[in-house]
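Enquirer: My questions all concern the structure below.
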Amino acid sequence: MQKSTQSRIFHLCAPPCIALLLAASAAAATPRAYVANENDGTVSVIDTQSDEVRQTLIVHGATGDKLQAAIAERSEKTVFVVDALSSTLIAVDIASGKIRQRIEVGKTPEGASLSPSGKQIAVCGEDANVVTLIDVAAMKAVRTIPTQGKNPEHCVFSGDEHWLLTSNENSNDVDIIDLAAGSSVALVRTGGHPRGIAILPGDHVAYVVQEVTGGVDVIDLAARKVTKSIATGLRPADAIASPDGKRVYVSNGGDATVSIIDVASDKVVANISVGKRAWNMALTHDGKKLYVANGRSNSVSVIDTVALKPLHDIEVGGLPWGVQIP
């Protein structure tokens with residue numbers, strides 16, 4: 001039987017060469033987490049196997065930056081970083097750390113997300129009340145969609161990329177945008193100052209954080225209405241669903257905890273302590289580790305979601321805004 005390509009390479013290599021190939025293969029297989037540090041204009045790159053910072057990208061320019069979301073595309077060759085002060089999305093080459101492109105987006109952008117296909121990034125322009133869609137491969141803006149609500153902060157794709165939801169903090173509502181039509185088709189009133197959004201697999205239900213009321217509103221996307229509210233903690237900031245859709249994790253910035261909601265019962269089953277001002281989060285692909293940016297602790301907390309306990313804190317840059325794992 002014919003040997004695999006990797007086997008043939010190993011057969012021809014001397015032992016030192018084999019060691020290098022094995023190290024390179026392991027590094028390529030290890031997911032990395034990207035952390036935008038708002039105060040010092042950097043992105044910390046974390047190896048999610050060792051939970052150590054392996055690289056720090058210097059993104060800030062001569063005029064200074066206010067970095068918000070950092071979104072690495074799937075090949076992890078480029079990370080796109082939101083700069084609120086210059087209203088741009090900055091494309092940075094990860095290997096060299098050099099800026100490849102500055103893409104104009106809506107005024108005072110904050111939240112951003114990568115589409116499930118990996119082809120687009122949605123960026124919320126808070127003061128412009130728009131969402132800008134970025135073509136990842138071309139590194140350019142291809143469409144701008146106005147929101148009905150005011151000051152969209154987070155914008156999240158549904159799994160089938162039919163819908164895009166925005167949380168509008170100044171008008172206390174959520175836009176449901178039909179991406180095929182390129183327009184907002186519904187505005188759903190929520191409890192107060194919505195922030196992070198978790199859409200369950202299947203795309204029918206969204207859990208939207210409400211900072212003022214201290215919990216999440218559950219939205220039926222088909223009915224386009226809030227069906228229930230669930231109390232979590234003080235000043236919640238973000239929500240993320242587990243890959244199997246059985247849990248929703250909510251970061252509570254005011255009391256330095258993460259609440260875990262059991263979706264079957266819609267009850268909080270655990271509260272886990274993390275750093276100060278727990279903010280935006282990311283899960284590993286298998287859902288076994290949760291990474292939480294702690295803005296006032298300049299750290300990222302790592303939670304074991306199987307044992308439901310904190311593992312450790314990772315020191316990063318100043319005022320980390322959030323974590324993303326492509």
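The values are calculated or read from the model by the stated rules, or taken from the named source; none is laboratory data. The model shown is predicted, which means the values in this text are computed figures rather than measured ones. For neighbour counting, all protein chains shown are included, and Cβ atoms are generated from backbone atoms with ideal geometry for every residue, glycine included. When the accessible area is computed, the model is the full protein with side chains, heavy atoms only, and any ligands, DNA or RNA have been set aside. Shrake-Rupley method; radii C 1.70, N 1.55, O 1.52, S 1.80 Å.
Enquirer: State all residues of segment 129-170 that are open to solvent by 30 Å² or more (accessible area, probe 1.4 Å), outside any strand (DSSP E or B) and within 25 Å of residue 100 (Cα to Cα); if no residue qualifies, say none.
Expert: 137, 138
Enquirer: While we're on this one: Tell me, yes or no, whether segment 161-173 has at least one residue that is in contact (Cβ under 8 Å) with a residue 60 or more places away in the chain and within 21 Å of the chain's Cα centre (by Cα). Before the answer, list the steps.
Expert: First, pick out the residues of segment 161-173 that are in contact (Cβ under 8 Å) with a residue 60 or more places away in the chain: none.
Within segment 161-173, none of the residues are in contact (Cβ under 8 Å) with a residue 60 or more places away in the chain and within 21 Å of the chain's Cα centre (by Cα).
Enquirer: Moving on to the next point. Does residue 118 satisfy being over 21 Å from residue 321 (Cβ atoms), touching a Leu at 6+ places or on another chain (Cβ under 7 Å), modelled with pLDDT of 95 or more and not hydroxyl-bearing (Ser, Thr, Tyr)?
Expert: On the way: over 21 Å from residue 321 (Cβ atoms): yes; touching a Leu at 6+ places or on another chain (Cβ under 7 Å): no; modelled with pLDDT of 95 or more: yes; not hydroxyl-bearing (Ser, Thr, Tyr): yes.
Answer is no for this residue.
Enquirer: Any idea which of (1) under 14 Å from the mean Cα position of the chain (by Cα); (2) in a strand (DSSP E or B) is the one residue 258 doesn't satisfy?
Expert: With (1) under 14 Å from the mean Cα position of the chain (by Cα); (2) in a strand (DSSP E or B) applied to residue 258, the lone miss is (1).
Enquirer: Also, I was wondering about something else. Can you confirm whether residue 209 is open to solvent by 20 Å² or more (accessible area, probe 1.4 Å) and not aromatic (Phe, Trp, Tyr)?
Expert: On the way: open to solvent by 20 Å² or more (accessible area, probe 1.4 Å): no; not aromatic (Phe, Trp, Tyr): yes.
Criteria not met by residue 209.
Enquirer: Show the residue pairs that are 6+ apart or on different chains and have beta-carbon atoms under 9 Å apart, the first residue being within segment 133-150 and farther than 22 Å from residue 171 by Cα and of a type in the set (Gly, Ala, Ser), the second being open to solvent by less than 50 Å² (accessible area, probe 1.4 Å) and part of a loop (DSSP other than H, G, I, E, B).
Expert: 137/73; 141/105
Enquirer: Let me ask you something else. Out of 293, 278, I need the residue that is among the aliphatic types (A, V, I, L, M), buried (at least 24 other Cβ atoms within 10 Å of the Cβ), touching a residue at least 12 places away in the same chain (Cβ under 8 Å) and touching a Pro at 6+ places or on another chain (Cβ under 6 Å). Which one?
Expert: Values: 278 fails: touching a Pro at 6+ places or on another chain (Cβ under 6 Å).
Going through 293, 278 in turn, just one is among the aliphatic types (A, V, I, L, M), buried (at least 24 other Cβ atoms within 10 Å of the Cβ), touching a residue at least 12 places away in the same chain (Cβ under 8 Å) and touching a Pro at 6+ places or on another chain (Cβ under 6 Å): 293.
Enquirer: When you scan segment 303-321, how many residues do you find that are open to solvent by less than 10 Å² (accessible area, probe 1.4 Å) and either within 10 Å of residue 279 (Cβ to Cβ) or within 15 Å of the chain's Cα centre (by Cα) (or both)?
Expert: Total satisfying the criteria: 1.
Enquirer: If you take just the strands (runs of 3 or more DSSP E) that sit entirely in segment 41-125, which of them hold at least 3 residues that are open to solvent by less than 30 Å² (accessible area, probe 1.4 Å), closer than 27 Å to residue 304 by Cβ and not basic (Lys, Arg)?
Expert: 42-47, 67-72
Enquirer: Evaluate segment 257-272: report whether one residue or more is buried (at least 24 other Cβ atoms within 10 Å of the Cβ), within 21 Å of residue 113 (Cβ to Cβ) and of a type outside the set (S, T, N, Q).
Expert: yes
Enquirer: Of the residues in segment 175-221, how many are under 12 Å from residue 163 (Cβ atoms), at pLDDT 95 or above and in a loop (DSSP other than H, G, I, E, B)?
Expert: Matching residues across segment 175-221 total 4.
Enquirer: Scan segment 230-241 and tell me whether some residue there is open to solvent by 30 Å² or more (accessible area, probe 1.4 Å), assigned to a strand (DSSP E or B) and closer than 26 Å to residue 186 by Cα.
Expert: Yes - at least one qualifying residue is present in segment 230-241.
Every residue, every condition in (1) under 17 Å from residue 315 (Cβ atoms); (2) at pLDDT below 90; (3) touching a Ser or Thr at 6+ places or on another chain (Cβ under 9 Å), yes or no:
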{"position": "3", "(1), (2), (3)": "no, yes, no"}
{"position": "17", "(1), (2), (3)": "no, yes, no"}
{"position": "20", "(1), (2), (3)": "no, yes, no"}
{"position": "36", "(1), (2), (3)": "yes, no, yes"}
{"position": "42", "(1), (2), (3)": "yes, no, yes"}
{"position": "47", "(1), (2), (3)": "yes, no, yes"}
{"position": "50", "(1), (2), (3)": "yes, no, yes"}
{"position": "56", "(1), (2), (3)": "yes, no, yes"}
{"position": "68", "(1), (2), (3)": "no, no, no"}
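Enquirer: Let me ask you something else. Restricting the search to segment 69-80, which residues are over 19 Å from residue 237 (Cβ atoms) and of a type outside the set (Lys, Arg)?
Expert: Initial filter on segment 69-80 (over 19 Å from residue 237 (Cβ atoms)): 72-80.
The answer is 72, 73, 75, 76, 78, 79, 80.
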